[in-house]
Amino acid sequence: MLYFGYSALTRSIDEGLVAQGLGRAHHRALYFISRQPDLTVKDLLRLLSITKQSLGRVLNELIEQGYIETRQGANDRRQKLLRLSPAGIALEADLFRALREKMAAAYAQAGQGSVTGFWRVLEGLIPDQDRSMVFGLRGR
């Protein structure tokens, strides 16, 4: 059920991504950067659990299309800080709106008790070593 739900959810934004010449990896990067402006490349790699080469391709495309801006870290000039440009903010908001509408409809159908249980199941799937990273995103 998780697979089929996830597939339907991601298909709801695929059309918007394709229209921009982007894929799901681009969306995941936009999603996390939008929730943590000035996110480091190192932290994004950890969140996405992908190779540096894969992320490099995705970031280069997003930068070239004007969706992401970069700057050097204040304390470490080797650090690359990522944030969404105004165009990136607008695109990510449109994509997230589609996801939010699907999730809201499913939540309304299931009821609050089911939603709470679903969140507990999802939290239980997160490995212990990743929990602080994931739960740190909640406040953003």
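Taken together, the values in this text are just the output of simple stated rules run on the coordinates, not laboratory data. From a predicted model like this one, the values you see are computed outputs, not experimental measurements. Note that each Cβ is placed from the backbone with ideal geometry, even for glycine, and that neighbours are counted across all protein chains shown.
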>> Charges on Cβ only, +1 for Lys and Arg, -1 for Asp and Glu, centred on the Cα centroid of the chain; of GLN129, TYR6, THR70, which one is farthest towards the dipole's positive end?
In response: GLN129
> What's the angle, to the nearest 10 degrees (0 to 90), between helix 52-64's Cα axis and the longest principal axis of the chain?
Replying inline: 80
> Along segment 30-43, what does the Karplus equation 6.51 cos²θ - 1.76 cosθ + 1.60 (θ = phi - 60°) give for ³J(HN,Hα), rounded to whole Hz, x for Gly and Pro?
Replying inline: 4, 4, 6, 5, 5, 8, 9, x, 6, 5, 7, 4, 4, 5
> Peptides 24-31, 96-103, 115-122: what's the order by average Cβ count within 10 Å, highest mean first?
Replying inline: 24-31, 96-103, 115-122
> Under the Karplus relation 6.51 cos²θ - 1.76 cosθ + 1.60, θ = phi - 60°, what is the ordered set of whole-Hz ³J(HN,Hα) values for segment 22-27, x standing for Gly and Pro?
Replying inline: 10, x, 5, 5, 5, 4
> Where nothing but the Cβ of Lys and Arg (+1) and of Asp and Glu (-1) is charged, how large is the charge dipole of the chain around its Cα centre, in debye to the nearest 20?
Replying inline: 320
>> Counting only helical runs of four or more DSSP H residues, what would the 222 nm mean residue ellipticity of the chain come to if each run contributes -39,500 (n - 2.57) and the total is spread over all its residues?
In response: -21500 deg cm²/dmol
>> How large is the direction-averaged shadow of the alpha-carbon convex hull of segment 2-135, in nm²?
In response: 9.2
